[in-house]
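Peer 1: This is the structure I have questions about; it appears just below.
The numbers here are math on the coordinates, done by the rules we state, and not lab data. Quick caveat, the model's predicted, so the values are computed rather than measured. Virtual Cβ from ideal backbone geometry, glycine too; neighbours counted across all protein chains shown.
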Amino acid sequence: MNVNPHDQPLPVDGRQTLAGHLVELRKRLLWSLVAVLAATGISFLFVEDIYGFLVKPLAQALGPGDSQRLIYTGLTEAFFTYLKVSFFAGIFLSFPIMAMQIWKFVAPGLYKTEKRAFLPFLIATPVLFFAGAALVYYWLMPVAWEFFIGFQSDGTHTALPIQLEARVGEYLDLVMLLIFAFGLCFQLPVLLVLLGRAGLVTPEQLAKGRRYAIVIAFVVAAFLTPPDVLSQFALAVPIILLYEISILVIRYLQKPSVRAE
């Protein structure tokens, strides 16, 4: 019996065994983990710049003044917040490498035509994620922060002033949650179009389920965004639009014979 030098099962009839798939999966996961850790370490060197970028919408909403600040009430809170910010940035930086590892794991099992069909989805995933992140950073956060800061009071009508003293950990947790929530929800077209290409859903089925999709979009938005109507609509409306775009894309990608039927 021939044994390869890495003690991995040899392919049989051109097909890799289950153990071989598991070894390959482990290899890709390790490369992804190394990429995330390396990117996190690099991000930690520039963590103050990243922090300044994430806190900029709040600073602009507060306006100029000496009283602007974020506080931390735990001795280790600021340090662990910086670690979370570094990890958050590390995932962003290493995403292309992780996508490449996914492609290298999947591609050997695909035919040439399937590779051409799958590659656009791999490219669309980071593009849509960054589109969602940009929407929440450049549009939602400035509007939402001004709305919440508007509840401050100088004490004229409230006997005592009401001033914002935001904790740095809570603020950055909220920002990262919103960015990831919008980024992940913007993956909806990728998921639906993949299901459509696999024949698991049809445009007609998606069109019939439109009412349920709208309800689910608002439920998801209610869980993932701050408890205000503006934020919920800011997430739910793009999800609904992406759902409609997915229906059009699936219908366009159908074979001519299917469209004729």
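Peer 1: Assuming R0 = 41 Å, what is the FRET efficiency of LEU200 and THR73, from their Cβ-Cβ distance, to the nearest 0.05? Walk me through the numbers on the way to the answer.
Peer 2: Working: r = 49 Å, r/R0 = 1.21.
With R0 = 41 Å, the Cβ-Cβ based efficiency is 0.25.
Peer 1: Viscosity 0.692 mPa s, temperature 37 °C: what is the translational diffusion coefficient of the range 187-253 from Stokes-Einstein with a Kirkwood Rh over Cα pairs, rounded to a whole number of µm²/s?
Peer 2: Result for D is 268 µm²/s.
Peer 1: For ILE214 and ALA19, what is the calculated FRET efficiency with R₀ set at 51 Å and r taken between the beta-carbons, to the nearest 0.05?
Peer 2: 0.65
Peer 1: At 7 Å along the Cα-to-beta-carbon direction for both LEU45 and LEU230, put a label point, then send me their distance in nm to one decimal.
Peer 2: For LEU45 paired with LEU230, the spin-label model returns 3.9 nm.
Peer 1: Tilt of helix 210-224 relative to the longest C-alpha principal axis of the chain, in degrees (0 to 90, nearest 10)?
Peer 2: 50 degrees
Peer 1: Given LEU191, PHE151, PHE130, which one lies farthest toward the positive end of the charge dipole of the chain, if we put +1 on the Cβ of every Lys and Arg and -1 on the Cβ of every Asp and Glu?
Peer 2: LEU191
Peer 1: So for each of 127-135, 27-35, 71-79, 180-188 I average, over its residues, the number of other beta carbons within 10 Å; can you give me the resulting order with the highest mean first?
Peer 2: Values: 127-135: 17.2, 27-35: 15.1, 71-79: 11.9, 180-188: 20.1.
So the order, starting with the most tightly packed, is 180-188, 127-135, 27-35, 71-79.
Peer 1: If one takes the longest principal axis of the Cα atoms in the chain, at what angle in degrees, from 0 to 90 and to the nearest 10, does the Cα axis of helix 77-106 lie?
Peer 2: Taking the Cα atoms of the chain, the angle to 77-106 is about 20 degrees.
Peer 1: How big is the convex hull of the Cα atoms of the chain, per residue, in Å³?
Peer 2: 176 Å³
Peer 1: Sorted by mean Cβ packing within 10 Å, highest first, what order do the peptides 102-109, 89-96 take?
Peer 2: On the way: 102-109: 13.4, 89-96: 18.2.
The packing order, highest mean first, is 89-96, 102-109.
Peer 1: What is the helix-to-structure angle for 188-197, meaning the angle in degrees between its Cα long axis and the longest Cα principal axis of the chain, kept from 0 to 90 and rounded to the nearest 10?
Peer 2: Once rounded, the angle reads 20 degrees.
Peer 1: Right, another one. Given +1 on the Cβ of Lys and Arg, -1 on the Cβ of Asp and Glu, and no further charges, what dipole in debye does the chain carry about its Cα centre, rounded to the nearest 20?
Peer 2: Using Cβ point charges on Lys, Arg, Asp and Glu, the chain gives about 1320 debye.
Peer 1: Obtain the nm distance between the two label points defined at TRP139 and MET100 by a simple spin-label model: each point lies 7 Å from its Cα along the Cα-to-C-beta direction.
Peer 2: So the two model labels end up 3.2 nm from each other.
Peer 1: With label points built 7 Å along Cα→Cβ from the Cα atoms of ALA107 and SER153, find their separation and express it in nm.
Peer 2: Using points 7 Å along Cα→Cβ, the separation is 6.2 nm.
Peer 1: Per residue, how big is the convex hull of the range 17-167 when only Cα atoms are used? Give it in Å³.
Peer 2: Convex hull of Cα atoms, per residue: 157 Å³.
Peer 1: Taking R0 as 30 Å, what's the FRET efficiency between PHE118 and LEU174 from their Cβ-Cβ distance, rounded to 0.05? Don't jump to the answer; show the numbers that get you there.
Peer 2: Values: r = 35 Å, r/R0 = 1.17.
Efficiency computed from Cβ-Cβ geometry: 0.30.
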